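Input: a single structure, listed below in structure tokens.
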Amino acid sequence: MLVHYLAVFAPLIGFLAAGLFGKRFGDYFSQVVTSASVILAAILSVELFFTVVMGQNPTVLPVMDWISSGDFQVSWALRVDQLSVVMMCVINIVSACVHVYSIGYMAHDESKSRFMAYLSLFTFAMLMLVSADNLLQLFFGWEGVGLASYLLIGFWYHKPSANAAAVKAFLVNRVGDIGLILGILAIFVIFGSVRFDDIFAHVAEKADMTLSYAGFEVHALTFACLLLFIGAVGKSAQLGLHTWLPDAMEGPTPVSALIHAATMVTAGVFLLARFSPVYEYAPDALAVVCVVGALTAFVAATIGMTQFDIKRVIAYSTMSQLGYMFFALGVSAYSAAMFHLVTHAFFKALLFLGAGSVIHAMSDEQDMRKMGGVWKMIPLTYIMMWIGSLALAGVPFFAGYYSKDLILESVWASGHWYGHFAFWVGIAAAVMTAFYSWRLIIMTFHGKPRADHHVMDHVHESPAVMMFPLVVLAIGALFSGAIFYGGFAGVPHETASQHVGVSKEIEEEIEVATEDQLETPVHEEAVADMGAMPLDDKSIFFGKSIFVKAENDAVAAAHSVEDWVKRLPIAAGLVGIFLAWFAYVRVPSLPATMIWTFKPLHTLFFRKWFFDEIYDRLFVRSAFSTGKNLWEVGDQKIIDGVGANGIASTSRRIGAVLSKVQNGFVYQYAFFMIFGLIALVSWIAYATGIIRFE
């Protein structure tokens, strides 16, 4: 049991040690203790993977009694099931790489202890989110992640742009969090509990329940699921609440890798996967999730093709890949979405940290127009960026190939109109993804050097402490797809060998897990009550931590789609790579010609579909105007003018009048005394009835 607790709480120990004693013992102490604690958590998470996932031994561990108010009881417990352990492995492994990388990247920063403490705090908050056993506990981790991200994005607070980006991320996420809060309240109204087991055990009973809202009768589960989805939209930067993501690149590059590759932005994906038993009974909500995810993937890809900041290109790539995960969730392909979450964590963290290595080598330059011609000077970074880009583009046999193809095959196999819509949008996004990935490679590493000669004279490979984490992530980007395909995809044994990259050993592992290991999950009764399909070999990794109705099992149906559906994503990636090579190597004048020819379209993409400008006009300016009016009229003129300052001014004026009678003449004092005495006697006489006025 100690393993379970340390896998979650070790980063908290690192945070407290660095935060409380960092100044006393120095930066080196903070770097060592935080890195060691997260590395320990990563090792223990891998051990839990074999115990809980491969051994099918989930559990719920109590921590303490938390809230007790009448009949409302909430305990703090760690839900260590297959879904949470997969997330814990991703979070801790990527965070460990980021911590070690930060030792080299932040070597010249004056606040290394504070930075390392923030990283560990973020990691702990994310672990609390994914190990939550109830919605309130999940919300605690959810808000903790938001706080830590605010601190990390605005770490260089002396930069106005960093401050603005941190505030923007915080406020935009608060919009989504309002939806999450309302969703939690709706779940409590429907089920009378916030515990996951209590909720999931009674979903089928509430399938036809309606709620009265704003004078309308709405389907209760759909209403609750849409509210939860709003929270996921904010945290996972889906279309509409995505504007904070590219601005968050103002934080140090390790922050970008930690927040935008594998952790914070995937919280929304985890939330929807965790609530799969509820979403399965809310098909309209799933349709909305699918369409929003597809639009997000497309819009982000169009923007990524036009950006020049190396980190922003990768950031929009993150947003686009999150769109893939969400439209997979929208067709009930939860395991496919989680598979892409895992592989994406490796290759996207690799790309971000690789970009940081480039920035480090180029004297903090981030504009790709001022790079070029450096691949021979930083060959290891160049190789790492190639591996990450190949995985991102879905090129066989890299990790992204397996997970992205599984998503596209699943949405097509779902048979829904929104699934087919997502498929074609995903194919278009795949072409653009490959295009901007190789645009980045070519502009950054190839061609003639465009940087100042002083910069070029100092181009150098990053130190080993920065390169070692890249190698670890590159291994994941190379092999995680092939190794885990069978488990995540739920490949039937007889068809496993038909999929490229699934070895005989993996097939045997699947068979053993299927026959011998798939036993009691955490909420077996809950799923049984809902008429869940038999486990068979469909949930090798997830057991019953994810629930899919038999008729909605798009992942199982994906294995029998037509051959052209399987080959089209590969072709899309290769077309994108070819177009990038043709435009930036073969005919380097072509991009400028295309920009001139399609100026309005390019402006739309380059200006990010004008979301920032629209939001500024609709919300930001009106908020500032409202705030200014409340300050000038409400605060200064009414509250201060009529209230505190007004009362004080009136008191001063009355005092000034009364002070005039204090002139030192005895006869005047005697007059007021006699006048007061007469008034007092008259009042007493009137009150006692001695004097009456008829």
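In the chain, the longest principal axis of the Cα atoms and the axis of helix 563-581 are about 80 degrees apart.
Normalise the Cα radius of gyration of the range 313-466 by 2.2 N^0.38 Å (N = residues in it) and let me know the number. Taking the Cα Rg and dividing by 2.2 N^0.38 Å, one obtains 1.16. If you take the beta carbon distance between residue 64 and residue 675 as r and set R0 to 51 Å, what does 1/(1 + (r/R0)^6) give as a FRET efficiency, to the nearest 0.05? It comes to 0.10. Phi angles of the range 383-394 translate, via the Karplus equation with coefficients 6.51, -1.76, 1.60 and θ = phi - 60°, into HN-Hα couplings of 5, 4, 5, 5, 4, x, 5, 5, 5, 5, 6, x Hz per residue; Gly and Pro are given as x.
Take the Cβ-Cβ distance between residue 685 and residue 658 as r, set R0 to 35 Å, and report the resulting FRET efficiency rounded to the nearest 0.05. Don't skip to the answer; put the middle values down first.
Values: r = 28 Å, r/R0 = 0.79.
So, using R0 = 35 Å, E works out to roughly 0.80.
Which order do 114, 174, 652 take by accessible area at a 1.4 Å probe, largest first?
The residues order as 652, 114, 174, largest area first.
The lysines whose alpha-carbon is closer than 20 Å to the alpha-carbon of residue 168, local same-chain residues fewer than 8 away aside, are 159, 235, 311, 608, 628.
At full extension, residue 198 and residue 645 could sit 155.4 nm farther apart than now, given 0.36 nm per residue minus the alpha carbon distance. Sketch the reach of a paramagnetic label on residue 380 as a point 7 Å from Cα along Cα-to-Cβ, and name the residues of the range 19-46 whose backbone nitrogen lies under 17 Å away. Label zone hits: none. Residues whose amide H comes within less than 5 Å of that of residue 63, counting only those at least five positions distant or on another chain, are 76, 77, 78 (H built at 1.01 Å from N in the peptide plane). Here the Karplus curve 6.51 cos²θ - 1.76 cosθ + 1.60, taken at θ = phi - 60°, turns the phi angles of the range 231-248 into couplings of x, 5, 4, x, 6, 9, 6, 7, 3, x, 10, 9, 5, 6, 5, x, 5, 5 Hz, with x standing for Gly and Pro. With a Förster radius of 22 Å applied to the beta-carbon distance between residue 598 and residue 424, the computed FRET efficiency rounds to 0.55. Note on the chain: Kirkwood hydrodynamic radius from all Cα pairs is 27.3 Å, rounded to one decimal.
For the range 564-620, the solvent-accessible area with a 1.4 angstrom probe is 68 square angstrom per residue. The distance between label points at residue 47 and residue 109 comes to 3.1 nm (points 7 Å beyond Cα on the Cα→Cβ vector).
About the centre of its Cα atoms, the chain shows a dipole size close to 3340 debye [charges on the beta carbon of Lys, Arg (+1) and Asp, Glu (-1) only; nearest 20 debye].
Expressed as a whole percent, the accessible area of the chain that falls on carbon and sulfur atoms is 67 (1.4 Å probe). When the helices in the chain are scored as -39500 (n - 2.57) per DSSP H run of 4 or longer and the sum is shared across all residues, what 222 nm value do you end up with, to the nearest 500 deg cm²/dmol? So the helix-based figure for the chain works out to -21000 deg cm²/dmol.
Derived scalar couplings between HN and Hα for the range 189-199 equal 5, 6, 9, x, 7, 10, 6, 4, 4, 5, 5 Hz in order, rounded to whole Hz, by the Karplus curve 6.51 cos²θ - 1.76 cosθ + 1.60 (θ = phi - 60°), x for Gly and Pro. Label-to-label distance for residue 417 and residue 561 is 2.0 nm, based on points extended 7 Å past Cα in the beta-carbon direction. Roughly what angle does helix 27-48 make with the longest principal axis of the chain, taking Cα atoms, 0 to 90 degrees, to the nearest 10? Rounded to the nearest ten degrees, it is 60.
The values are calculated or read from the model by the stated rules, or taken from the named source; none is laboratory data. Quick caveat, the model's predicted, so the values are computed rather than measured. For neighbour counting, all protein chains shown are included, and Cβ atoms are generated from backbone atoms with ideal geometry for every residue, glycine included. Each accessible area value is taken on the protein alone, full model and side chains, heavy atoms only, with ligands, DNA and RNA left out. Shrake-Rupley method; radii C 1.70, N 1.55, O 1.52, S 1.80 Å.
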